[in-house]
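For reference, the structure is listed below as structure tokens.
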Amino acid sequence: METIDVLITTPVNPYLEQELDKRFNLIRLWNYPQKQEFFKNHSDSIRGVVNNPWHPADREFIDSLPALEIVSSYSVGLDHVDLGYCKEKGVKVTNTPDVLTEDVADLAIGLMLTTLRGISECDRYVRSGLWKKGDFKLTTKVSFSLFSSTS
């Protein structure tokens, strides 16, 4: 079976890198300090790219890889990929939508609770020993803040 050269532009989590290594000839761009020299010597064989917003797949980058067939972005958005040019060149584009949706929602709830209930401030108050000198101020109830009428 043919080995496909895939360029990965930045380190990813070890598991992902390991899985890509099993399936492709993974070329790690960060191992090549001389980028122009790298592209001069390797660009004709690279058929896939794994990238993120810090290494955009713009027109110049796409043109530097004449055998490119797919850009796989491990980020939610695709602002860093020239979608129109990829379409024109027949390069497929993928990304990872919704992989963090629930985590972002969880974090938003946590931040709301922390802010309204003053959890971080309370933690500093206790750790500094100020609780020995008096009570901490009252904080806002989340349910009161979200559901009370101001009229």
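Side notes on the structure shown:
- With respect to the conditions (1) surrounded by 11 or more Cβ atoms within 10 Å (Cβ to Cβ); (2) of a type outside the set (Phe, Trp, Tyr); (3) at pLDDT 90 or above, Arg127 lacks only one, and its number is (1).
- In segment 1-13, of all residues being under 22 Å from the mean Cα position of the chain (by Cα) and without any contact (Cβ under 8 Å) to a residue 60 or more places away in the chain, the one that is surrounded by the fewest Cβ atoms within 10 Å (Cβ to Cβ) corresponds to Asn13.
- Among the numbered conditions (1) surrounded by 10 or more Cβ atoms within 10 Å (Cβ to Cβ); (2) modelled with pLDDT under 90; (3) not in a loop (DSSP other than H, G, I, E, B), the only one that Pro97 does not meet is (3).
- Some residue of segment 71-87 being among the basic types (Lys, Arg) and in contact with a helix residue (DSSP H, G or I) (Cβ under 9 Å, 6 or more places away or on another chain): no
The values are calculated or read from the model by the stated rules, or taken from the named source; none is laboratory data. All figures in this text were calculated on a predicted structure; none of them were measured in a lab. No Cβ is skipped: glycine too gets one built from the backbone with ideal geometry, and neighbour counts run over all protein chains shown.
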